[in-house]
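The values are calculated or read from the model by the stated rules, or taken from the named source; none is laboratory data. Owing to the predicted nature of the structure, the values given are computational and were not obtained by experimental measurement. Glycine also receives a Cβ, built like all others from the backbone with ideal geometry; neighbour counts cover every protein chain displayed.
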Amino acid sequence: MSDLNVGEAIPELKVTPDKYLPHRYAGASGDFNPIHIDPEFAKAVGLPNTILHGLYMMGLVARSATDVAGGDPGKLKRLSVQFRGMGAPETEIVVTGTVKSIDGGRVIIDTVAAQGENQTIRNAEAEIEL
Amino acid sequence: MTVKTEAVGKEWPATSYEVGREKIGEYARVVGLDNPVHFDREAARAAGYRDVVAPPMFCVVYSAPALGPAMFDPEVGMNFAAMVHGGQEFEWGEPACSGDEITTTAKCLEIFEKDGKGFYVFETRSVNRDGAEVVKGTWTNIVRGV
């Protein structure tokens, strides 16, 4: 992990959240917004179906960046994301990233989380300490 | 229509949260983390933490409650039916470990209008019992058609 180079891709993280993942994430996080857990409610407010919590997907981006730092949670110092596309359960999420800069022991990684062509998180910037 | 901006600079009362080992484990399992430092006290201590350590993004669990009153404040006046979570930033300081009591305060940083959308930016600051900052969060909510 100390041989990272600018422009280099970080290992991809692929996760397919199951149908009930949003329920478990709601319980774990305390965010019970019905757009994530109630298909009838989601459709009534114009969504195609229930959608993933944005902060769950941000959690996957954090996991990916932490993995680059060897898995130590204390190495992730900053994470900034923009939520754009909506994420759907039962669809594979792929987190990809590229090393943007290295300054001393601080590494900045540009990250995207996507389901196919749908970028659910973009302009994500993670700062890790090596 | 235009957004109301009188809530910019407003702060809301602090909330307090005691971090627990099982809650950390529940969160870690949901996001697929298997590092034993999130589940096992001895493993966490061996890695240099005081106790079972929370994953960084566990910060939403202890900091979001402070934001609730801010988001629902009529002075802020956000239209929830048209709101999306547009952006999020966290900057971490001291790790959050099981047994820590974390106090979070929320403040409205900015409210502005751009391209027919309202942007509502809040900041949360979370500190532990020693007064050390654990995380600073910047939460951006976007309301369509203001």
**OP:** Pick out the one residue from A:G7, A:G54 that is in contact with a strand residue (DSSP E or B) (Cβ under 8 Å, 6 or more places away or on another chain), modelled with pLDDT of 95 or more and either polar (S, T, N, Q) or exposed (fewer than 14 other Cβ atoms within 10 Å of the Cβ) (or both).
**Re:** A:G7
Original post:
If you take the residues in segment B:30-53 that are of a type in the set (A, V, I, L, M) and within 20 Å of A:V15 (Cβ to Cβ), which one is farthest from the other protein chains (Cβ to nearest Cβ)?
Top reply: B:L33
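Return a yes/no flag: does segment A:82-101 have any residue that is at the interface with chain B (Cβ under 10 Å from one of its Cβ atoms) and either in contact (Cβ under 8 Å) with a residue 60 or more places away in the chain or in a strand (DSSP E or B) (or both). Give the steps one after another, and end with the answer.
To start, the set of residues in segment A:82-101 that are at the interface with chain B (Cβ under 10 Å from one of its Cβ atoms) comprises A:82-84, A:86.
Retained after the next criterion (residues that are either in contact (Cβ under 8 Å) with a residue 60 or more places away in the chain or in a strand (DSSP E or B) (or both)): A:82-83.
Within segment A:82-101, one or more residues are at the interface with chain B (Cβ under 10 Å from one of its Cβ atoms) and either in contact (Cβ under 8 Å) with a residue 60 or more places away in the chain or in a strand (DSSP E or B) (or both).
Listed here are the residues, each with its yes/no results for (1) of a type outside the set (G, A, S); (2) surrounded by fewer than 21 Cβ atoms within 10 Å (Cβ to Cβ); (3) over 24 Å from B:L67 (Cα atoms).
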position: A:Y25; (1), (2), (3): yes, no, no
position: A:F32; (1), (2), (3): yes, yes, no
position: A:D38; (1), (2), (3): yes, yes, no
position: A:S64; (1), (2), (3): no, no, yes
position: A:A69; (1), (2), (3): no, yes, yes
position: A:R106; (1), (2), (3): yes, yes, yes
**OP:** Provide a single number: the residues in segment A:44-77 that are in a helix (DSSP H, G or I), more than 10 Å from chain B (Cβ to nearest Cβ) and in contact with a Ser or Thr (Cβ under 9 Å, 6 or more places away or on another chain).
**Re:** 1
Original post:
more than 18 Å from B:T140 (Cβ to Cβ), touching a residue at least 60 places away in the same chain (Cβ under 8 Å) and not β-branched (V, I, T) - does that describe any residue in segment B:33-43?
Top reply: no
Original post:
Which of the residues that make up segment B:44-61 are among the small types (G, A, S) and in contact with a Phe, Trp or Tyr (Cβ under 9 Å, 6 or more places away or on another chain)?
Top reply: B:A54
**OP:** Answer yes if at least one residue in segment B:98-111 is surrounded by fewer than 22 Cβ atoms within 10 Å (Cβ to Cβ) and under 22 Å from A:A65 (Cα atoms), and no otherwise.
**Re:** no
**OP:** Check B:E22 against each of (1) facing chain A (nearest Cβ under 8 Å); (2) free of Cβ contacts under 8 Å to residues at least 24 places away in the same chain; (3) in a helix (DSSP H, G or I) and name the one condition it does not meet.
**Re:** (1)
Original post:
Assuming A:V95 fulfils every condition listed in (1) closer than 25 Å to B:A66 by Cβ; (2) buried (at least 21 other Cβ atoms within 10 Å of the Cβ) apart from one, which condition is it?
Top reply: (1)
Original post:
How many of the residues in segment A:15-43 are touching a strand residue (DSSP E or B) at 6+ places or on another chain (Cβ under 8 Å) and part of a loop (DSSP other than H, G, I, E, B)?
Top reply: 2
Subject >> Selection from segment B:25-41 of residues that are farther than 17 Å from B:G99 by Cα, of a type outside the set (A, V, I, L, M) and assigned to a loop (DSSP other than H, G, I, E, B) >> reply: B:G32, B:D34, B:N35
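Can you name the residue in segment A:15-43 that is among the acidic types (D, E) and more than 10 Å from chain B (Cβ to nearest Cβ) and, of all such residues, is farthest from the chain's Cα centre (by Cα)?
So the first thing to find is which residues in segment A:15-43 are among the acidic types (D, E), and the list is A:18, A:31, A:38, A:40.
Cutting the leftovers down to more than 10 Å from chain B (Cβ to nearest Cβ) gives us A:18, A:38, A:40.
Values: A:D18: 16, A:D38: 22, A:E40: 26 Å.
Residue satisfying both the conditions and the ranking: A:E40.
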Subject >> Residues satisfying the stated conditions in segment B:53-80, i.e. of a type in the set (G, A, S), in a loop (DSSP other than H, G, I, E, B) and over 30 Å from A:D67 (Cα atoms) >> reply: B:G77
Subject >> All positions within segment B:66-97 that are under 21 Å from A:R78 (Cα atoms) and either facing chain A (nearest Cβ under 10 Å) or surrounded by fewer than 18 Cβ atoms within 10 Å (Cβ to Cβ) (or both) >> reply: B:H85, B:G86, B:G87, B:Q88, B:E89, B:F90, B:E91, B:W92, B:G93, B:E94, B:P95, B:A96
